[in-house]
Amino acid sequence: MQDCAAVRSDMAEYWNIESGHEEAIMTFFDNRPVADVVLESEITEKDFVTSGRGSADVKNTLKRLGIGPEILRRVAVASYEAEINVAAHSNGGKMESSIFDDMIHLRFTDRGPGIANIEQAMVPGYSTADDLVREMGFGAGLGLPNIKKNSDALHIVSDYGKPTMVEIVIFY
Amino acid sequence: MILLSEYIAAIDGVNITPVMDAAKIELSSGYVCDMLSDVMGSAKSGQAWITIMKHLNVIAVASMTGIPVIIFAKSSNPDQAVIDKAVEEEICLVQSSKTAFELSGILYQMLN
């Protein structure tokens, strides 16, 4: 599957699309529509106190829109894991959430240093987290697998020494 | 299904968020783990989460996962900031001197 807008030829790319959603996901990424509601927040390196606020904002906004608890849980878990990943593994970055009538698109972009091997990072239990992150109870190597499990589409573009972009789509 | 208030009595626990009414919280099951990502990946709403982790991110994990109550084993004692955040997120916090093993055994027995 191609995503010409986001992919640079020198970077590695990973896609997971849950079966049944291929067409809707293709249409979305081909057209990249602008949402009515867009939320943005900064994520600071190694800041585990404020990391999570962006996800909480998204969760509360969806709750106000009447989205059911199971979808809320999937969005919140995928979003929080991604936010923690940026805080734990990158030099900081930001989160942008586009809320549509029937789905949410979350995009996390950071300032590097990138994922050397995305396929390896997707293996449950594989982690490059440091001691601080592990002491917090993170770093079990379950972040990306949890995001995959709770999303309808997961798209990662990264490479060693480059910024990382993680995109998540969840239908309501 | 049991009431949290019944479980608190059975474990000699203390509700350290008294503004949250334990008699109004129903428990269908439990989850025991200190790895936050494992909890987010596998815990379900309506479960009591038994842990010794007590920092602020624990509240975020419970909130994101839909967990109504955290049971702190071995008298694990969170800071006031953590308690305040839990109240804000409407998550009940309970403290007990029992170990995670004992706490889960008692909950398991009450539920089955």
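Annotations for the structure displayed:
- Taking the range A:1-114 as the region of interest, none of the helices (runs of 4 or more DSSP H) fully inside it holds 2 or more residues being modelled with pLDDT under 95 and in contact with a helix residue (DSSP H, G or I) (Cβ under 6 Å, 6 or more places away or on another chain).
- Any hit, the range A:72-94, residues being away from chain B (no Cβ under 14 Å), over 10 Å from the mean Cα position of the chain (by Cα) and in contact (Cβ under 8 Å) with a residue 60 or more places away in the chain: yes
- When the test is whether a residue is within 22 Å of residue A:53 (Cβ to Cβ), surrounded by 21 or more Cβ atoms within 10 Å (Cβ to Cβ) and without any contact (Cβ under 8 Å) to a residue 24 or more places away in the chain, residue B:41 passes it.
- The range A:131-156 - residue that is closer than 19 Å to residue B:56 by Cβ and in a loop (DSSP other than H, G, I, E, B) and, of those, farthest from the other protein chains (Cβ to nearest Cβ): A:139
- Residue match in the range B:74-85 (condition: closer than 25 Å to residue A:135 by Cα, in contact (Cβ under 8 Å) with a residue 12 or more places away in the chain, outside any helix (DSSP H, G or I) and of a type in the set (Val, Ile, Thr)): no
- Count of the range A:45-71 residues which are at the interface with chain B (Cβ under 8 Å from one of its Cβ atoms) and among the aliphatic types (A, V, I, L, M): 2
- Of all residues in the range B:54-67, those being surrounded by fewer than 22 Cβ atoms within 10 Å (Cβ to Cβ) and assigned to a loop (DSSP other than H, G, I, E, B) number 3.
- On the stretch given as the range A:13-63, residues that are closer than 26 Å to residue A:162 by Cα, charged (D, E, K, R) and free of Cβ contacts under 8 Å to residues at least 12 places away in the same chain total 1.
- Selection within the range A:63-104 - surrounded by fewer than 22 Cβ atoms within 10 Å (Cβ to Cβ), under 17 Å from residue A:38 (Cβ atoms) and not aromatic (Phe, Trp, Tyr): A:64, A:65, A:67, A:94, A:96, A:98, A:99, A:101, A:102, A:103
The values are calculated or read from the model by the stated rules, or taken from the named source; none is laboratory data. From a predicted model like this one, the values you see are computed outputs, not experimental measurements. All Cβ positions, even for glycine, are placed from backbone atoms using ideal geometry, and neighbour counts span all protein chains on display.
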